[in-house]
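Everything on this sheet refers to the single structure shown next.
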Amino acid sequence: MDMNTKLTAAQQALIADNLDLIEKVIRGSIKQIIGNPDYSYEDLYQSGCVGICKAAIHFKDGNFQQYARKSIRNAILDYCQEVQPHSTVLSLDMMSEELLERLTDMDYLVEEDAISKLLLSRIEEIKKNYSGITAKGITAIELKLKGMTGADIAKLYGVEANHVSAWIARARTKLLADKEFLGVLA
């Protein structure tokens, strides 16, 4: 983010009204790094502030809180990667059903998202254990993480978009019950 960027009054209001999201993301999504001597709470919070500012600048329409949470989380994860470039900062909490739902519902490019890259590598490791509809759903999740829409995937497979949604729902259910998959994420 360019430090010379001036926030509009509307952007400042969005930030002020949603500052509590930073605390929620730190405590909820990445709580396992609190207490790690390499990461101070103040630095995590400051990184979250950068994230919420980026969210306010780039937000177009929709649910700002959902958009801001992702931006805050990504800013904090970027900071953690700078401090410890070879560590994996991803908790089991981040793989909640809510996160998988959000990831598989995205219709925009997420290639640069650190979480998506890590999920792709972990999903690839576990995919070999599945077949049939679940395997199709896992592949559809991978394609969504790479930026394809449900309609794109449906066209690729020559099926209706609701088939792709059903595959993803089945895969999500199986993955969340798979101890090996959850273990790979820890």
## Note on the structure
Residue separation between residue 157 and residue 23 times 0.36 nm, minus their alpha-carbon distance, gives in nm 44.0 nm
#### Entry: Potential extension, residue 121-residue 66 segment - 0.36 nm per residue separation minus Cα distance
17.4 nm
## Note on the structure
Taking r as the C-beta separation of residue 41 and residue 13 and R0 as 35 Å, the FRET efficiency to the nearest 0.05 is 0.85
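Read the figures in this text as sums done on the coordinates, not as results from a lab. Note that this is a predicted model, so its numbers are computed, not measured. When we count neighbours, we look across all protein chains shown, and the Cβ atoms used for this are built from the backbone with ideal geometry, even at glycine.
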